[in-house]
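Novice: After the structure tokens below, expect a handful of questions from me.
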Amino acid sequence: MSPPRSLSRLYLIRHGKPAAVWGEAEDDPGLDAAGQAQAEAARDHLMALPAAERPNRVVSSPLRRCRETAMPTAEALGVQLEIDPAVGEIPTPKGLSAAERPAWLREVFQGLWRDAKGDLDYDVWRKDVAASLTPRGGTAVFSHYVAINAVISTLAGDDRVLSFRPDHASITTLESDGETLTLVEKGREASTGVL
């Protein structure tokens with residue numbers, strides 16, 4: 001009989017409040033002052049965890065708002081920030097302009113993953129996001145509203161695109177044994193829609 005696999009905590013954190021919202025002029029905004037304070041609060045929360053539960057790696061989406069949210073935690077832990085597109089934003093269909101993306105996202109939010117219109121299978125994309133986290137025990141992963149919904153909906157077996165409204169810098173706790181990912185606790189939910 002093989003020994004049981006050890007479980008390791010994983011933290012999935014939504015980026016802090018950006019200086020611009022989707023659909024506005026800037027394609028890759030950083031954080032505003034509130035977002036920077038949220039990034040520092042996320043760092044403080046993670047650093048206050050017992051040593052056995054504290055992350056030892058920090059991974060971020062390539063987008064600036066995630067990198068800036070992740071940086072205080074990486075600095076506090078004394079680790080290099082790792083960038084991974086697998087935890088990035090939901091891919092926009094080819095040919096869709098930045099101005100058209102907000103309307104497309106609103107439509108996607110109202111439906112099921114398998115019905116999302118675009119040039120890729122978004123049901124497969126959401127499962128791939130969750131699978132990318134499975135081997136990342138001991139990691140703080142800074143990501144996005146839709147990607148976090150992808151993970152939560154996959155783990156819950158919920159086909160709705162919008163099943164959770166993570167607030168800015170909300171920390172969702174997961175656990176992994178390296179082969180299986182489970183939800184421990186959802187992070188704080190937002191009282192409004194995506195910003």
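Novice: Pick out, in residue order, every one of the trypsin sites (Lys or Arg not before Pro) in the stretch 56-96 that is DSSP loop and has at most 13 other C-beta atoms within 10 Å; say none if there are none.
Specialist: Qualifying residues, ordered by number: Lys94.
Novice: Can you pull out the trypsin sites (Lys or Arg not before Pro) in the stretch 108-189 whose DSSP state is coil and whose Cβ has at most 16 other Cβ atoms within 10 Å?
Specialist: Lys117, Arg188
Novice: Right, something else. Which percent, to the nearest 5, of DSSP beta bridges fully inside the chain are antiparallel?
Specialist: Close to 55 percent.
Novice: For Val141, list long-range residues whose amide hydrogen, built 1.01 Å from N in the peptide plane, is under 5 Å from its own amide hydrogen.
Specialist: Tyr11, Leu12, Ile13, Val59
Novice: More than 20 angstrom separation, counting every C-alpha pair in the chain; what % is that?
Specialist: 53 percent
Novice: Evaluate the Debye formula for the stretch 107-172 with equal point scatterers sitting on the alpha carbons, no solvent, and hand back log10 of I(q)/I(0) at q = 0.11, 0.12 Å⁻¹, in q order, two decimals.
Specialist: Log10 I(q)/I(0), no solvent term: -0.24, -0.29.
Novice: Also, I was wondering about something else. Tell me, Kirkwood radius of the stretch 52-149 from alpha-carbon pair distances, in Å?
Specialist: Averaging 1/r across every pair of different Cα atoms and inverting gives 14.7 Å.
Novice: Still on this structure: For the chain, how many pairs of lysine residues have a Cα-Cα distance under 25 Å, where the two are 8 or more positions apart or belong to different chains?
Specialist: Summing the qualifying lysine pairs gives 5.
Novice: Would you list the membrane-span-like helices of the chain, meaning whole DSSP H runs whose alpha-carbon atoms span at least 15 Å along their axis and whose mean Kyte-Doolittle value is at least 1.0?
Specialist: Passing helices, by number: 145-156.
Novice: For an R0 of 45 angstrom, estimate the FRET efficiency from the Cβ-Cβ distance between Ser97 and Glu175 and round to the nearest 0.05.
Specialist: 0.65
Novice: For an R0 of 22 angstrom, estimate the FRET efficiency from the Cβ-Cβ distance between Ala86 and Asp121 and round to the nearest 0.05.
Specialist: Efficiency at R0 = 22 Å is approximately 0.90.
Throughout, read-outs are computed from the coordinates displayed, never taken from laboratory work. This is a predicted model, so every value here is computed, not measured. No Cβ is skipped: glycine too gets one built from the backbone with ideal geometry, and neighbour counts run over all protein chains shown.
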